[in-house]
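Each remark here refers to the structure printed beneath this line.
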Amino acid sequence: MTFKELAAARYSVKNYTDQPVEEEKLQEILKVAGIAPTARNAQAIRIYVLKSEAAMEKAKAVTPCIFGAPICLMLAYNEEEVFFYPDEDNGVNSGAEDCSIVATHIMFEAVEQGLGTCWVNKFSPSEAKRVFELPEKEHVVLFMPLGYASEKGKPLPKHTQKKPLSDIVIEL
């Protein structure tokens, strides 16, 4: 499968089977996440693998968007390790960007492994931090349910509706 085909095959799965994710597949996904580039290769990201019943209940308490997945990844970053934009005095840093790059690698490797994901940002980061008792310097960016898509977990109708490139690409 080419990268373009892989990118086209990926969609937000919003309904999962209860089939467990094989540990080998999870480990391959995490290996690919680990090779994702980050600003200055600081690797300030944290990938929390929520698998236990207790961890999944906490995730469900924070967001309604777990969609029955057997595993959920929670991506965060440590503000002490991020790259801070030079000449900015408002604390703009690479944390969310780094998590986004890693999450994208996870999504595509999941497709490669026959699994589905959904990027979830319908939650309160401060509530997630509190519920999971994360260190003060860590900030949650997203949740990502992971598992096998059910028959109900097919792409939403709007999935293939894309703006023309002329609407999103600006040449200067």
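For the reader, a short list of remarks on this structure follows.
- Residues that are in contact with a Lys or Arg (Cβ under 9 Å, 6 or more places away or on another chain) and surrounded by 21 or more Cβ atoms within 10 Å (Cβ to Cβ) within the range 110-137 comprise 110, 115, 116, 117, 118, 128, listed in sequence order.
- The lone exception for residue 60 - which of (1) within 24 Å of residue 19 (Cβ to Cβ); (2) touching a strand residue (DSSP E or B) at 6+ places or on another chain (Cβ under 8 Å); (3) charged (D, E, K, R) it fails: (2)
- Inter-residue pairs, beta-carbon under 8 Å, first assigned to a loop (DSSP other than H, G, I, E, B) and in the range 18-47, second among the hydroxyl-bearing types (Ser, Thr, Tyr), 6+ apart: 19/148; 21/148; 36/104; 38/94; 42/94; 44/38; 44/77; 44/94
- Residue pairs whose Cβ atoms lie under 8 Å apart, separated by 6 or more positions or on different chains, with the first residue in the range 144-164 and under 20 Å from residue 120 (Cβ atoms) and the second in a helix (DSSP H, G or I) and of a type in the set (A, V, I, L, M, F, W, C), are 144/103; 144/106; 144/107; 146/26; 146/29; 146/106; 146/110.
- Identity of the residue in the range 1-17, surrounded by 10 or more Cβ atoms within 10 Å (Cβ to Cβ) and hydrophobic (A, V, I, L, M, F, W, C), that ends up farthest from residue 147 (Cα to Cα): 1
- Test: residue in the range 26-44 that is among the acidic types (Asp, Glu) and over 18 Å from residue 104 (Cβ atoms): no
- Complete set of residues in the range 138-172 that are closer than 26 Å to residue 109 by Cβ, of a type in the set (Gly, Ala, Ser) and either modelled with pLDDT of 95 or more or exposed (fewer than 12 other Cβ atoms within 10 Å of the Cβ) (or both): 147, 149, 150
- The condition of being closer than 16 Å to residue 141 by Cα, buried (at least 16 other Cβ atoms within 10 Å of the Cβ), in contact (Cβ under 8 Å) with a residue 12 or more places away in the chain and under 13 Å from the mean Cα position of the chain (by Cα) holds for only one of 71, 106, that being 106.
- Filter result for residue 85 (in contact (Cβ under 8 Å) with a residue 12 or more places away in the chain and of a type in the set (Ser, Thr, Tyr)): no
- Scanning the range 18-33 for residues being among the basic types (Lys, Arg) and loosely packed, with under 13 Cβ neighbours inside 10 Å gives a total of 1.
The values are calculated or read from the model by the stated rules, or taken from the named source; none is laboratory data. Just so it is clear, the structure is predicted and the values come from calculations on it, not from any experiment. Cβ coordinates were reconstructed from backbone atoms using ideal geometry, including for glycine residues, and neighbour counts include every protein chain displayed.
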